[in-house]
Amino acid sequence: MLKHFTLTFGKTSLAKTIYNRQDIKEHFHVMVWIYVPTSFSVRDLLIDICKQAMSMNEAKVVSEENYNNLRRSLATILEENRYLIVMDNVWSTQLWDEVKHVFPDTKSGSRILLTTCDNEVAWRGSSRVDQVCELIQLNRLSDEDVWALFLKNMRWNEDRFNDLELTYFRNNVLRKCDGSPLAVTKLCSLLPAKSSDYHELLKLIDDHVSSGDDQNHQSSFSYRLTLSYQNLLPRIRPCYLYMGLFPRAFEIPIRRLFRLWIAEGLVIPDSGSSQTPEDLAEDYFKELVNKNMIEVTRRKSDGRPKTCRIPGILYDVFSAKAMALGLFFVHKYSEYNSVTSPKFHVRRLVEYVDMKNYPSSDFHNQHLLSYISFNTRRRDTPAHEVGIFLDKVTAKRGFGLLRVLDLEGVYKPRLPESLGKLLQLRYLGLRWTFLDSLTDSVGGLVYLETLDVKHTNITTLSTSIWKAKNLRHLYMNEVHFDVSVQKRPRGSLTNLQTLWGLSVGSTSLVVNWLSKLVGLRKLGLTCHSTRIQAIADWISKLTDLQSLKLRSIDEFGQPSDLKLVNMALHHKLTDLYLLGVLPKLAANEIFQFPPNLKILTLSGSQLDEESITLLGKLPQLNILRLFGSSYSGRKMECICGDFPELVVLKLWMLEELEEWKIEEGAMSHLRELEIRRCPNMKQVEGLNHLTTLKDLTLTNMPLHLVQNVKANVDGATSITVNEWKF
């Protein structure tokens, strides 16, 4: 059955409700959710489906195949499973025509669910003669449903007002919302839930939501959206409009958004405030989420937001508004397939298509502040046109004003040698560009705040980067510093908050350069075992750390001895990843771990039974991942009271583990458990005590253990069994 939700609000919400139902998850073997952007690549969409339908290793191999092989591989995996594929926001009949043949009809009850606002897409999909299809058109909510949703969102009862007041107030709400669930949500966000002043509430509705009975629904709704925007604090409004430069339906990494806001000068703490720009950016973001102006699309394992986007109807209104105000110019094809040209001085240039047809005159570019590219569709051809464009504009006066150069995801762009002349540059984003090198002149960018070369082929950075005195965030990819002298420039990198992807070799002198970096919040490094003691001593002084990833390896790249430092003073450290052999933990050494630790990931640690017991005493631990060789014991026991706040537990590749016993009262809040490739595990005792467990995943586990687990788990727990080939 092929379903389409069309024409009105609530399509995605209804689809998500269906998709997330427990009985749906249990019924289908493969479940895939794809959000389709307006500018799409069929191959990229198929790769995304593969990533969700296959194991990580299988998907990685398949994603490197040519288009025809990719289609065959996907069809093969779907033929073997009962699948549910949701394609949300399908705008083009071309997309459906190209992908529909990839989905085999196995007569096993598989389903494809499409949502669209395009009538042609809906009718084209529902007219297929080779499948039973159903077209569902969502109508506006009835008055009863609007009122029920309003009361639920406000957490009110009808007895809040007398009968006469209730009737008048209810009619006002119904007239303003006009059957739209999104309008109900927005109205609720504007009204104080605790207020019981009838006249005050009516005035708020009339002042902030009323659109006039003579306006049609669309103009009424647009007006409400505009008022929602005006209800934001003035300093937040530019940040919101700025988000309109991202493509429609683009999932914006929170990390990228915050850094861009700051580099553009949109987030500036008040004079005398102790808040950092990063803290203030987070406050702005939370306000936008609370006002329902943006939605969080993905979250990290600890629940923190990872990506976000502006909902489609809001994007259409406010992206156009930002363009009209001249906040940015988007270089893209028009509906007639011709390239649009700017009609004003461009301050922020956003690229959706190749730059070869973009005018590079002084009129357009002499005031350019930012250049951001989303031209990421081709992964096999270096983006030379980016270099050509930058060369042209660099030669013209005024280019020195550039504050942002963001090429994240653009394949091997050619950067000009004159990069170091961009003296105002605050943000240089090269993540996922696969560049091989970076000019040494980048160290001369005295105002640079963010340098991101993560997921590139850059393995060495010159020490010239230490001259960037204002650098706050440095993301790398196992990068070595070419340190030829021990002395470093005075005052360098003292503002650094993020140092991620550093590699310290056995003969490296870089340890001497790190001693002055005491304000770090996020640190990720790989260290040769001969330098680990010096690194550990330095880390002991980093009491502002919030996230730490520390890997100790030998000359062959294998986990080596990892020295623990006392982290009792690291009150802000909540996320800790350790790779290396840990010393045996004595009963009085639990305080080596940060007192507020929430996420702990261990790999190669070789902990014994006593050490696991001590970990169970960590009071705020929410997520524990025990990866390959992190536990060396044959038995593991969790006693009553252990892991009181643990929500997620992952046991991967613990080859020595044979028995695991869980006492009643242990892990009393556990919701998610995954056991993967523990080949010698014979018994798990006490799973029935995990009364809060919702999801249990067994991957490449012995058949007898799978049967044992199924027999001892409560029926409310969803069990997933995977057999992957590595």
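Tabulated results
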{"item": "Checking VAL129 against (1) modelled with pLDDT of 85 or more; (2) over 26 Å from LYS51 (Cα atoms), the condition it does not meet", "result": "(1)"}
{"item": "Single residue of segment 1-35 satisfying the filter (aliphatic (A, V, I, L, M) and touching a Ser or Thr at 6+ places or on another chain (Cβ under 8 Å)) that is modelled with the highest pLDDT", "result": "ALA15"}
{"item": "Test: residue in segment 226-238 that is at pLDDT 75 or above, loosely packed, with under 14 Cβ neighbours inside 10 Å and in a helix (DSSP H, G or I)", "result": "yes"}
{"item": "Residue in segment 413-421 that is modelled with pLDDT of 90 or more, surrounded by fewer than 22 Cβ atoms within 10 Å (Cβ to Cβ) and of a type in the set (Lys, Arg) present", "result": "no"}
{"item": "Filter result for LEU514 (at pLDDT below 90 and not polar (S, T, N, Q))", "result": "yes"}
{"item": "Segment 630-641, subset buried (at least 21 other Cβ atoms within 10 Å of the Cβ) and touching an Asp or Glu at 6+ places or on another chain (Cβ under 8 Å), residue farthest from PRO594 (Cα to Cα)", "result": "MET636"}
{"item": "First in segment 624-639 and outside any strand (DSSP E or B), second anywhere and surrounded by 18 or more Cβ atoms within 10 Å (Cβ to Cβ) and of a type in the set (Ser, Thr, Tyr), Cβ under 7 Å, 6 or more apart", "result": "PHE627/THR601; PHE627/SER603; GLY628/SER603; SER630/SER603; SER630/SER605"}
{"item": "Search result, residues across segment 285-302 that are surrounded by 14 or more Cβ atoms within 10 Å (Cβ to Cβ) and over 17 Å from the mean Cα position of the chain (by Cα)", "result": "GLU287, LYS291, ASN292, MET293"}
{"item": "Sole exception among (1) at pLDDT 65 or above; (2) assigned to a loop (DSSP other than H, G, I, E, B) for PHE318, by number", "result": "(2)"}
{"item": "Total residues in segment 247-264, condition at pLDDT 95 or above and assigned to a loop (DSSP other than H, G, I, E, B)", "result": "1"}
{"item": "Where a residue in segment 15-43 is closer than 18 Å to PHE250 by Cβ and its partner, wherever it lies, is surrounded by 18 or more Cβ atoms within 10 Å (Cβ to Cβ) and of a type in the set (Lys, Arg), with Cβ under 9 Å and at least six apart", "result": "TYR35/ARG309"}
{"item": "Segment 682-726, subset of a type in the set (A, V, I, L, M), assigned to a loop (DSSP other than H, G, I, E, B) and modelled with pLDDT of 90 or more, residue farthest from MET667 (Cα to Cα)", "result": "MET701"}
{"item": "Among (1) within 17 Å of ASP48 (Cβ to Cβ); (2) surrounded by fewer than 18 Cβ atoms within 10 Å (Cβ to Cβ); (3) modelled with pLDDT of 85 or more, the one test that PHE103 misses", "result": "(2)"}
{"item": "Selection count where residues are over 18 Å from LEU190 (Cβ atoms) and part of a helix (DSSP H, G or I), scope segment 139-170", "result": "12"}
{"item": "Qualifying residue in segment 176-188 (condition: among the acidic types (Asp, Glu), at pLDDT 75 or above and under 26 Å from ILE294 (Cα atoms))", "result": "no"}
{"item": "Residues of segment 472-495 that turn out to be at pLDDT 85 or above, crowded, with 21+ Cβ neighbours inside 10 Å and assigned to a loop (DSSP other than H, G, I, E, B), as a count", "result": "1"}
{"item": "All positions within segment 246-273 that are in contact with a Ser or Thr (Cβ under 7 Å, 6 or more places away or on another chain) and within 21 Å of LEU314 (Cα to Cα)", "result": "PRO247, ARG248, ALA249, GLU251, ILE252, PRO253, ILE254"}
{"item": "Any hit, segment 314-325, residues being closer than 16 Å to TRP261 by Cα and in contact with a strand residue (DSSP E or B) (Cβ under 8 Å, 6 or more places away or on another chain)", "result": "no"}
{"item": "LEU517 vs. criteria more than 24 Å from GLU645 (Cα to Cα), within 31 Å of the chain's Cα centre (by Cα) and free of Cβ contacts under 8 Å to residues at least 40 places away in the same chain", "result": "yes"}
{"item": "Qualifying residue in segment 585-602 (condition: buried (at least 16 other Cβ atoms within 10 Å of the Cβ), of a type in the set (Ser, Thr, Tyr) and either at pLDDT below 95 or farther than 29 Å from THR717 by Cα (or both))", "result": "no"}
{"item": "Output for segment 510-561, where each listed residue is among the charged types (D, E, K, R) and either in a helix (DSSP H, G or I) or out of contact with any helix residue (DSSP H, G or I) (no Cβ under 7 Å at 6 or more places or on another chain) (or both)", "result": "LYS516, ARG521, LYS522, ARG531, ASP537, LYS541, ASP544, LYS549, ARG551, GLU555"}
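The values are calculated or read from the model by the stated rules, or taken from the named source; none is laboratory data. All values reported here derive from a predicted model rather than from experimental measurement. Glycine also receives a Cβ, built like all others from the backbone with ideal geometry; neighbour counts cover every protein chain displayed.
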